[in-house]
Amino acid sequence: MPDAAIDACCLIDLLASGHVEAILRAAGFDWHLPSAVQGEVQHVRQYDTARPGQFLKVAVDLSPLIASGVLQACGPNDQTEQDRFVHYAAQFRSDGEAMCIALAEQRKWSLATDDRKAIRVAQQAGLTVVSCPVLVKRWADAAKPDQATLCKVLQDIQVLAQFKPNPTRPEYQWWVDELAKAIP
Amino acid sequence: MPQPDTLDPRILGQRIAEARKARGKTQEEVAEFLGCSRPTYIAIEKGDRLAKTDEIIKLAPFLGTKVNDLVRPTEPVVDLQPHLRAVAEKMKGTDEAALQAAIADLQELAEDYRDLERMMSAPLRFNYPPEVTLDSRIDAAQLAEGVAVQERRRLGLGDQPVIYLRSTLEWDVGLRIFYSSELPSAIAGMYAYTADLGCCILVNRKHPPERRRVSMLHEYGHLIVDRYKPGIDYLTMSGRKPANERFAESFALSFLMPASSVRQRFHDIVTMTKDFQVRDLRHLSHFYFVSVEAMARRLEELGLIPKGSWEYLKEAKFAPKQAGELLGLQPLPTSDEPYPERYKYLAVHAYERGEIGDSDLAHYLRCDIVEAREIAGRTLTSSGEVGDTGEKEQMRLDFNRSLLSGAN
């Protein structure tokens with residue numbers, strides 16, 4: 001299987017779906033989680049069942065995903081990787097994005113990101129970029145969840161992660177169409 | 001794009017040195033951690049030797065910072081942190097570690113603000129008042145009263161309460177007002193002036209909004225009376241205060257509660273009700289958005305109520321918050337964000353234009369990625385518009401669209 005690094009934005013979006021493991025497994029990648037990204041994924045939002053319309057901030061525990069091998073921890077090892085990390089760190093206020101791009105570039109991995117600037121910089125570096133909507137669609141195509149489940153996944157990503165796909169991306173129309181099916 | 005081998009050794013050295021001092025580490029400690037000699041480490045700080053990338057990556061967590069904080073290519077603001085740190089070191093009995101953390105907070109926020117302005121080509125317009133020189137023959141508090149009236153006039157504020165004080169000072173005067181929860185509770189705020197950024201004020205976020213308003217104006221008073229002298233202000237000061245502190249304190253209270261307006265209100269109440277009761281005091285403090293103590297002391301100072309009125313209320317265990325609830329006083333709008341409103345707009349605009357991404361936005365807005373996206377969505381959406389049907393509508397604002405005639 002090809003390899004891919006995942007950044008904090010994309011991982012937060014997938015965690016909001018409630019099906020992160022299944023989506024990552026269905027994507028067709030061996031996933032790598034750079035150490036700087038781990039530090040940036042601290043909390044996710046959940047619905048507060050006691051207070052409708054309100055949210056709870058819940059600590060993220062990535063250790064089950066790492067223990068099961070779905071995510072493999074990684075970091076810059078050799079001099080070139082460290083140089084490239086520092087090179088990109090000068091461009092991003094987040095070390096996670098810089099480390100993701102440096103490792104993906106040096107190890108010929110793809111990059112899963114929903115960060116607007118990271119997408120631009122990674123594409124300039126010649127990387128293959130995938131985003132949350134691409135990954136969710138792959139999962140939906142493979143697992144064929146019922147309509148209600150799929151709509152809930154998309155809605156949860158929109159509400160809990162405050163993420164909506166960019167209208168210029170090809171998956172945008174699929175996302176909108178699937179959500180529209182939820183409206184009677 | 002800067003390559004590691006094209007990092008500016010001088011800027012990198014300055015940033016490493018500032019991070020070390022903010023963390024309270026000695027050069028020996030860092031040299032030992034890196035496994036190099038002290039002279040070698042000093043050469044890195046001076047910019048005579050470029051730190052290797054593995055050293056930078058190792059140093060960042062040791063100094064409690066990110067790699068980006070050390071290698072960002074922009075010039076550090078050099079005349080803010082060291083000066084305030086020197087003031088902090090002289091302050092005995094204060095939690096120095098917390099104070100240093102707050103100074104580091106201010107430094108980082110101020111640099112981020114400057115970087116956003118450069119990114120968006122939107123320098124802050126300064127509209128500072130003229131400086132005032134204190135004279136031992138003139139009472140500093142009385143002088144401040146007059147300066148506050150002039151300053152209100154200059155800003156077109158009349159003598160009515162200024163509810164949106166922070167944004168007024170930020171937008172109309174060009175002050176950079178930040179909030180920090182790192183400041184020890186005994187500290188009200190701090191003030192510094194740099195050639196690059198102008199006036200930077202840090203206010204204690206832990207204090208109630210009424211107190212924060214006094215603190216930001218107190219620091220504003222320092223801009224007027226001792227512009228180039230950085231300072232850190234206690235909440236209360238024992239003993240006789242120096243003239244500049246008396247000026248700043250009186251300026252703040254006079255600005256918030258102009259004598260002409262307070263007298264007029266007081267007389268209106270007494271004329272209408274033939275009395276001035278505790279409830280009126282509470283109403284008045286709410287009207288001017290100040291604490292009951294500040295209001296009572298101002299009325300005492302203006303000779304409208306007897307001296308000692310506040311002390312009497314304090315001894316009687318008067319509870320302003322409960323009194324406000326009993327009187328049905330509605331909470332007034334407050335700004336709790338660590339950065340100025342304009343800073344937020346610049347960050348969201350930069351995000352909208354694609355200059356920064358979601359992770360960067362979260363950094364600039366000092367929150368997580370989800371909250372940053374939410375803030376961006378809220379900032380870019382106006383929900384107060386009324387459509388043709390009379391219903392409220394949500395409108396997405398396109399910041400980049402020109403409204404000038406003939407523009408595309």
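Since every read-out is calculated from the coordinates, none of them should be taken as a lab result. All of these numbers come straight from a predicted model, not from anything done at the bench. Cβ sites come from the backbone with ideal geometry, for glycine too, and all protein chains shown count toward neighbours.
Counting only residues at least eight positions apart within a chain, or on another chain, the lysines with an alpha carbon under 22 Å from that of residue B:229 are B:21, B:90, B:92, B:241. The rule of thumb for compact globular proteins, 2.2 N^0.38 Å, goes into the C-alpha radius of gyration of the stretch A:1-154 1.06 times. Going from the residue with the fewest nearby Cβ atoms within 10 Å to the one with the most, B:193, B:228 rank B:228, B:193. Residue-normalised convex hull volume from the C-alpha trace of chain B: 201 Å³ per residue. Would you look at the GNM of chain B, springs on alpha carbons closer than 10 Å, and say which of B:330, B:160, B:27 moves the most? Evaluated over chain B, the most mobile residue of the options is B:330. To make sure I understand the rule: partners must be lysines, Cα under 22 Å from the Cα of residue B:317, and not fewer than 8 residues away in the same chain. Which ones qualify? Straight-distance partners of residue B:317: B:307.
Shape verdict for the stretch B:1-139, please, from the Cα gyration tensor: rounded (a/c under 1.5), prolate (a/b greater than b/c) or oblate. Oblate shape, in that a/c is at least 1.5 and b/c is the bigger or equal ratio.
Using the Karplus relation 6.51 cos²θ - 1.76 cosθ + 1.60 with θ = phi - 60°, the per-residue 3J(HN,Hα) values for the stretch B:222-233 come to 5, 4, 7, 9, 9, 4, 9, 10, x, x, 10, 10 Hz, with x marking Gly and Pro.
To the nearest 10 degrees, how steeply does helix B:259-273 sit against the main Cα axis of chain B, on a 0 to 90 scale? It is inclined by approximately 40 degrees. Oblate is the label for the protein assembly as shown, because the ratio a/c of its alpha-carbon gyration tensor axes (a ≥ b ≥ c) is 1.5 or higher and a/b is not greater than b/c.
Given a Förster distance of 25 angstrom, what is the FRET efficiency for residue B:312 paired with residue B:149, based on the Cβ-Cβ distance and rounded to 0.05? Using R0 = 25 Å, I get an efficiency of 0.25.
Seen against the Cα atoms of chain B and their longest principal axis, helix B:96-119 is set at about 80 degrees.
Between helix B:53-62 and chain B, what is the angle of the helix's C-alpha long axis to the longest principal axis, kept within 0 to 90° and rounded to the nearest 10? Approximately 30 degrees, to the nearest 10. Stretching the chain fully between residue B:42 and residue B:275 yields a gain of 76.8 nm (0.36 nm per residue, less the alpha carbon separation). Within the straight-line cut-off of under 26 Å between alpha carbons, the lysines reachable from residue A:108 are A:117, A:137, B:52, B:58, B:66, sequence neighbours fewer than 8 places apart in one chain being disregarded.
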